[in-house]
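Every number here is computed from the coordinates shown, using simple stated rules; none is lab data. The shown structure was predicted, so the numbers you read here are calculated from the model rather than taken from an experiment. Positions of Cβ are generated from backbone atoms using ideal geometry, with glycine treated the same way; all protein chains shown enter the neighbour counts.
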Amino acid sequence: MALLRESYLLLWKDLLLELRQRDSLLTMFFFGTLLLFVFHFSFDPAPEKVAEMAPALLWLAFLFTGTLGLAQLFQPERENHCLDALLLSPVDRGALFLAKSCFNLVLMIVVEIVVIPLFWILFNLRSWNLLPQLFLVTLLGTIGFCVLGTIASAITLRARARELLLPLVLFPLMIPVILATIRCMENVLRTGEFGDAIPWLRLLLSFDVIFLTVGVLIFDRVIEN
Amino acid sequence: MAQVAIKKRKGILGALAFVAVVIGLFWSLVIAPPDAYQGDVQRIMYLHLPSILTAYLSYFLVFIGSGMYLWKREKRDDLLAHSAAEIGVLFTALTIIEGSIWGRPTWGVWWTWDARLTLTAILLLIYVGYLMLRSLIEDENRAASAAAVLGIIGFLDIPLIHMSVYWWRTLHQPPSILRPDKAPWENVHPAMLTALAISFVGFLLLYFYLLSMRYRLGEMREEIRARRLDRGA
Amino acid sequence: MSAWGFVSLAYGIVWGSILVYLILLKRRYASTAADLDALRSTEATSSDAKK
């Protein structure tokens, strides 16, 4: 319980900072929207093909915007030696991990809630009734992305060229999530229900649980003075 | 004295590896009969299977070394993980090249998004990332902890990647009939199995020879660093 | 390319690369060992000089 309370406080701190400055959220949001335009120009998909391509395009957009957020994730701590101060305080490192993951999750969810309907409008899709299922898949995938992304962001924190290194380390590890979410959403868009995609959902869920546990357990070894 | 003994042991290991590799080559290229379906091309299997298994062994050692390092903080565990990762990347890259050369005559293409091939390629990407991460962090101890975390996560991710890639292929197209690594075992010639076993032993001995040399190299570098630090102080 | 062509290509590349890696590793090993010996001997002489 103490763990959850500490994470909540840390998360609140990050959210307050973000509300005052809105650096990450605004850049992520505009980048996501920009990507939708770029995709539309570059693929110029025929109307009947859009539904097939939608999951892949959406997930590409989420991956890139999410990486943008992750690169900034520990920025407040890097400035003015705040990380050292935070590490000196008797806060559980697991709580720090949870807070940072949740923070990026909140940012990405906010972006996704706007970008998915925008995609439906821009690409003239009609299947509005399927959005709740798609959101559920996206949520599970985004949790996996944020959990693993926070670990990746923390281990590349002190590296040279860390913004470049982060996706190199993260994307190969994310392949189960990328495959599972895209196949799942494809199935939902094609058949209107989860049906055959249930194993994919289970895979996503186990990915989330495994790396959430690993993250909480070993995060104190990642972030050290 | 101890150093002389270590050197001698390493020499014996190297000689054994050399002998096993030569016998394995002879067995797989001369004694083993050509495959009934694929002909002589199937001889690539005697390289392919041992090299991928050695690569997996390597990644398992990276995992063990990483876990031990995070737990005990001893430099030698980190050295083990680093050495194993480097050699593992070499063997994974070679496996992909062999698979590609094997794929051309059997599938008609150099590359296909077969589940195993894809998985191997992803493994290569993960562990190349591991080596890059190490080289891009200046501070030795920080590089070691960061790499250890990646070594653990990467290994835990392998089953998930395997499952997802496998489902992806089987849900979308029927699995290919001619799988290079799925020979018809029921009517396999005993000489083929012997060739495979000897090649595997050869690869293993060679692997441990390379690993011990790479490990000792790391140890010596560590000692040089420590001595220079001492002198500076 | 014939079957044996593919086989020799694969065996050539694999054993060639392993050999190259082995040679590079031996070279790195030899130069590091030389560095270490040099460091050890200068340290021995400087500690002698102190005496």
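For the condition in contact (Cβ under 8 Å) with a residue 60 or more places away in the chain, surrounded by 20 or more Cβ atoms within 10 Å (Cβ to Cβ) and of a type outside the set (S, T, N, Q), residue A:145 qualifies. Just one of the numbered conditions (1) in contact with a Leu (Cβ under 8 Å, 6 or more places away or on another chain); (2) assigned to a loop (DSSP other than H, G, I, E, B) is not true of residue B:50: (2).
Does at least one position in the stretch A:132-146 carry a residue that is in contact with a helix residue (DSSP H, G or I) (Cβ under 7 Å, 6 or more places away or on another chain) and within 19 Å of residue A:18 (Cα to Cα)? Yes, some residue in the stretch A:132-146 is in contact with a helix residue (DSSP H, G or I) (Cβ under 7 Å, 6 or more places away or on another chain) and within 19 Å of residue A:18 (Cα to Cα).
Please go through the stretch A:155-165 and give me each residue that is surrounded by fewer than 24 Cβ atoms within 10 Å (Cβ to Cβ) and either in contact (Cβ under 8 Å) with a residue 24 or more places away in the chain or in contact with a Pro (Cβ under 9 Å, 6 or more places away or on another chain) (or both), ordered by number.
Within the stretch A:155-165, A:157, A:162, A:163 meet the criteria.
Filtering the stretch B:142-151 to residues that are in contact (Cβ under 8 Å) with a residue 60 or more places away in the chain and more than 7 Å from chain A (Cβ to nearest Cβ) leaves B:144, B:147, B:148, B:151.
Just a yes or no: is a residue in the stretch B:107-114 of a type in the set (A, V, I, L, M, F, W, C), away from chain A (no Cβ under 14 Å) and surrounded by 20 or more Cβ atoms within 10 Å (Cβ to Cβ)? No, the stretch B:107-114 contains no residue that is of a type in the set (A, V, I, L, M, F, W, C), away from chain A (no Cβ under 14 Å) and surrounded by 20 or more Cβ atoms within 10 Å (Cβ to Cβ). Scanning the stretch C:5-34 for residues that are surrounded by fewer than 15 Cβ atoms within 10 Å (Cβ to Cβ) and either facing chain B (nearest Cβ under 7 Å) or touching a residue at least 24 places away in the same chain (Cβ under 8 Å) (or both) turns up just one, C:33. Residues considered: B:103, B:65, B:14, B:88. Of these, the only one that is outside any strand (DSSP E or B), within 11 Å of chain C (Cβ to nearest Cβ), buried (at least 19 other Cβ atoms within 10 Å of the Cβ) and in contact (Cβ under 8 Å) with a residue 12 or more places away in the chain is B:103. The set of residues from the stretch A:179-195 being surrounded by fewer than 21 Cβ atoms within 10 Å (Cβ to Cβ) and in contact (Cβ under 8 Å) with a residue 60 or more places away in the chain comprises A:186, A:189, A:190, A:192, A:193, A:194.
Applying the criterion of at least 2 residues that are touching a residue at least 12 places away in the same chain (Cβ under 8 Å) and under 13 Å from the mean Cα position of the chain (by Cα) to the helices (runs of 4 or more DSSP H) found wholly in the stretch A:39-111 leaves A:47-71.
Within the stretch A:196-225, the set of residues being over 15 Å from residue A:3 (Cβ atoms), more than 9 Å from chain B (Cβ to nearest Cβ) and free of Cβ contacts under 8 Å to residues at least 12 places away in the same chain comprises A:198, A:202, A:209. Has the stretch A:134-142 got any residue that is within 14 Å of chain B (Cβ to nearest Cβ) and either under 27 Å from residue A:13 (Cβ atoms) or in contact with an Asp or Glu (Cβ under 6 Å, 6 or more places away or on another chain) (or both)? Yes. The residue that is farthest from residue C:29 (Cα to Cα), counting only those in the stretch B:17-34 that are surrounded by fewer than 18 Cβ atoms within 10 Å (Cβ to Cβ), within 12 Å of another protein chain (Cβ to nearest Cβ) and touching a helix residue (DSSP H, G or I) at 6+ places or on another chain (Cβ under 7 Å), is B:34. Per the conditions (1) closer than 24 Å to residue B:124 by Cβ; (2) more than 7 Å from every other protein chain (Cβ to nearest Cβ), the sole criterion not satisfied by residue A:179 is (2). For the stretch B:127-141, the set of residues classified as surrounded by 17 or more Cβ atoms within 10 Å (Cβ to Cβ), more than 8 Å from every other protein chain (Cβ to nearest Cβ) and under 23 Å from residue B:226 (Cα atoms) consists of B:134 only.
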